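Notes follow the structure.
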Amino acid sequence: MAAERIDGKQLAARMREEMKAEVESLKKQGVMPGLAVILVGDDQASRTYVRNKQKACGQLGIKSVLIELSEKVSEQTLLDHIQSLNEDPDIHGILVQLPLPAHIGAQKVIEAIDPAKDVDGFHPINIGRMMTGQDAFLPCTPHGILKMVQSKGIAITGKHVVVIGRSNIVGKPAGQLFLNENATVTYCHSKTADLKSYTSQADILISAVGKAKFVKADFVKQGAAVIDVGMNRDESGKLCGDVDFEEVKEKASYITPVPGGVGPMTITMLLANTLKACKKLNAVKVSRR
Ligand code: GUN
C-alpha cells in the first residue's frame, strides 16, 4: 500500500491560523511582535527564502524589518547592526540569513545575537539548552520535522531514527530533538561507510543531504516514515527532494512531499519562535515595572 503523505503545507496553515489569533490578542494588549531579518549580498536563493519569511510575517500581522547589506559589508558593520537590534525593544527576533560571504565569521555573527532574540536557535546557548533538555529556541527545520511526525501520531519512543546529514542547521539538531523524545538515533553523513546498512534499519528516516532523488527504495525499511529535507532540482530543472518519491512511497508508511512538506514548516516554526520571544521579552518588561 502506498504511503500516507505528511502534508506540511496543511499543517503549517493550521498552525499559522492559531498563531494569527495569538498575534491579534497580543496587539489588543498593545504588543506588536517584530522580526528583523538581515540579508547580506545578492544570493538569489537567500533572497527568495527571506522574501517568503517576510510574506509569512505579513500574513500573521507580525512586523518584519529587512536590513539589506552589500556583499562587501565589513564584519564590524554587520555586528553593529546586530547590536542595535539587540537593544531595540520593538524587535523580538533577529535572523541573519546564511550563508554569509567568506570574509565574515558566521559563528561570530551568530554569537553576537542576543540568545533571547535568537529565533533561528543557532546560538550556542540555545543549542546547549536544547541538548540538556531545557526550554530553548529550537532550530526551525528540525522542530518542524518533529511537529510533522507528531501530527500523525507516529511513535518515536524506542524507535530508531536515522539522520542522513550532519549540518549544524538541520542534521545535528534533528537527531538531538528525536533523542530528547526517547528515540535511538544514528547519524550518517558523506563519510559513512555502507550507508544503506543504516538507513534500511530506520523506523524514521530523515534525509538532509541536498542530492536530488538520492534516497531510493532499497535505502528504506518496509513501513518506515520518511522525511525529506532536500530542496533540489532534477535533470529537467523541476524542484525535488533528496528522496525518490515515486519509488519510496510504495515502501514507506509515511512520506513528506517536496514541495509542500518540510519547507512550509520551517517558516512556521520561525513565526512560532518570534511569538515565543515576543511573549518572553514582554513578560520580563511587565515584571520589571
Ligand atoms: N539558510 C538556510 N536555512 C537557514 C535558516 O534556517 N536560517 C538562516 N538564518 N539561514 C538559513
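None of the figures in this text is laboratory data; all of them are computed from the coordinates on show. Values in this document were obtained by computation on a predicted structure and should not be read as measured data. FYI the Cβ positions are ideal-geometry reconstructions off the backbone, even for glycines, and counts take in every protein chain you see.
Shown here is the pair-distance distribution of the stretch 1-54: with all Cα-Cα distances grouped in 10 Å bins from zero up to the longest one, the shares run 18, 29, 32, 17, 4, 0 percent.
For the pair Glu181 and Ser151 in one chain, pulling the backbone fully straight at 0.36 nm per residue adds 9.4 nm over the alpha carbon distance.
The trypsin sites (Lys or Arg not before Pro) of the stretch 56-108 that meet both conditions, a loop assignment by DSSP and at most 13 other Cβ atoms within 10 Å of the site Cβ, are Lys72. Computed from Cα atoms, the angle from the helix 262-288 axis to the main principal axis of the chain rounds to 30 degrees.
Classified by the C-alpha gyration tensor, the stretch 134-289 has a prolate form. Its axis ratio a/c, with a ≥ b ≥ c, is 1.5 or above, and a/b is larger than b/c. A Cα-only calculation for the chain places Rg and Dmax at 19.3, 61 Å.
Sites listed here are GluC sites (Glu not before Pro) in the stretch 71-132 whose DSSP assignment is loop and whose Cβ has at most 14 other Cβ atoms within 10 Å: Glu71.
In percent, how large is the relative contact order of the chain, given Cα pairs closer than 8 Å and 6 or more residues apart? Working shown, then result.
Working: 553 pairs, mean separation 61.0, N = 289.
After rounding, I find 21 percent.
Counted by Cβ distance under 14 Å from Asp244, the other residues give a net charge of -1, where Lys and Arg count +1 and Asp and Glu count -1. When both bridge partners sit in the stretch 194-289, DSSP labels roughly 20% of those beta bridges antiparallel.
Packing, taken as the mean count of other beta carbons within 10 Å per residue, orders the peptides 224-236, 199-211 from highest to lowest as 199-211, 224-236.
Neighbours of Asn273 by Cβ distance under 14 Å: Lys/Arg scored +1, Asp/Glu scored -1, total +3.
Excluding Asn126 itself, what net charge comes from residues whose Cβ is under 12 Å from its Cβ, given Lys and Arg +1 and Asp and Glu -1?
Residues close to Asn126 contribute a combined charge of -2.
Once the mean 1/r over all distinct Cα pairs of the stretch 132-204 is inverted, what Kirkwood radius in angstroms do you read off? Evaluated on the stretch 132-204, it is 12.6 Å. Relative to its residue count, the stretch 1-99 spans a Cα convex hull of 112 Å³ per residue. Relative to the longest principal axis of the Cα atoms of the chain, the long axis of helix 44-60 makes an angle of roughly 70 degrees. Exceedance of the 18 Å cut-off in Cα-Cα distance is limited, within the set Lys63/Lys117; Lys117/Lys172; Lys28/Lys55; Lys196/Lys216, to Lys117/Lys172; Lys28/Lys55. Using 1/(1 + (r/R0)^6) with R0 = 35 angstrom and r between the beta carbons of Glu24 and Ser84, what's the FRET efficiency to the nearest 0.05? Here the calculated transfer efficiency is 0.75. Helical content of the chain, expressed as a calculated mean residue ellipticity at 222 nm, amounts to -13500 deg cm²/dmol (DSSP H runs of 4 or more residues, -39,500 (n - 2.57) each, divided by residue number, nearest 500). Please give the helix 171-180 orientation as an angle from the longest Cα principal axis of the chain, in degrees from 0 to 90, rounded to the nearest 10. Taking the Cα atoms of the chain, the angle to 171-180 is about 90 degrees.
Here the spin labels are modelled as points 7 Å beyond Cα on the Cα-Cβ line, and at Ser70 and Ala217 they lie 5.6 nm apart.
Taking every DSSP bridge with both residues inside the chain, close to 5 percent are antiparallel.
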